[in-house]
Amino acid sequence: MLPATAVYYFPWEVKPGAFHDGESVRTFGRLTCYEPEKSQASLTTHHASKDHHVVIHTSFVEPFNPIIGAQYVVLGEIQTAEGVDMRVCARVLNCVDGVNIVLLQKAINEQRSFFRERQCQLEGAAVT
């Protein structure tokens, strides 16, 4: 079963305190580490001269053939666990190596703009 509809978040936005436990999230990054014995992976993205890491729990998507250094998109739920501040429990983990990250970021911003505009229209319709 897939989680509820989730909007994309940039990896630098996926941090402790920004989400509630169980909240659906989509994000992306370069696979930099995979520990099959822990069912744990790490996606990393460089932004504003800083590396941002997102810890991924992979038990629901195993077995998979990890390609270290490749770009991945993940869909899952936020989960807090011992020893880790926060992680994404992956339901979908797709290799998208070759994707144009600049265009992906632009698409995410367009999606957010669309959702904001739609929300304003719905609120306006509810008032009248």
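The set of residues from segment 101-113 being open to solvent by 90 Å² or more (accessible area, probe 1.4 Å) and not aliphatic (A, V, I, L, M) comprises Lys106, Glu110. Residues of segment 53-69 being within 13 Å of the chain's Cα centre (by Cα) and open to solvent by 40 Å² or more (accessible area, probe 1.4 Å), which ones? Within segment 53-69, just His53 meets the criteria. Residues of segment 74-128 that are of a type in the set (D, E, K, R), modelled with pLDDT under 85 and part of a strand (DSSP E or B): Asp85 alone.
Rundown of residues vs (1) surrounded by fewer than 12 Cβ atoms within 10 Å (Cβ to Cβ); (2) free of Cβ contacts under 8 Å to residues at least 12 places away in the same chain; (3) over 22 Å from Glu35 (Cβ atoms), yes/no style:
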position	(1), (2), (3)
Gln71	no, no, no
Leu93	no, no, no
Val96	no, no, no
Phe115	yes, no, yes
Ala126	yes, yes, yes
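Scanning segment 14-29 for residues that are open to solvent by 50 Å² or more (accessible area, probe 1.4 Å), modelled with pLDDT under 90 and within 23 Å of Ile68 (Cα to Cα) yields one hit, Lys15.
From the list Leu31, Leu43, Leu75, the lone residue that is of a type in the set (A, V, I, L, M) and over 17 Å from Tyr8 (Cβ atoms) is Leu31. Those strands (runs of 3 or more DSSP E) of segment 24-73 in which at least 3 residues are closer than 13 Å to Cys95 by Cβ, considering only elements entirely within it, cover 24-35.
The single condition from (1) without any contact (Cβ under 8 Å) to a residue 24 or more places away in the chain; (2) surrounded by 16 or more Cβ atoms within 10 Å (Cβ to Cβ); (3) more than 12 Å from the chain's Cα centre (by Cα) that Ser42 fails is (3).
The values are calculated or read from the model by the stated rules, or taken from the named source; none is laboratory data. Small disclaimer: the values here were computed from a predicted structure and weren't measured. Note that each Cβ is placed from the backbone with ideal geometry, even for glycine, and that neighbours are counted across all protein chains shown. For accessibility, only protein heavy atoms count, side chains too; no ligands or nucleic acids. Shrake-Rupley method; radii C 1.70, N 1.55, O 1.52, S 1.80 Å.
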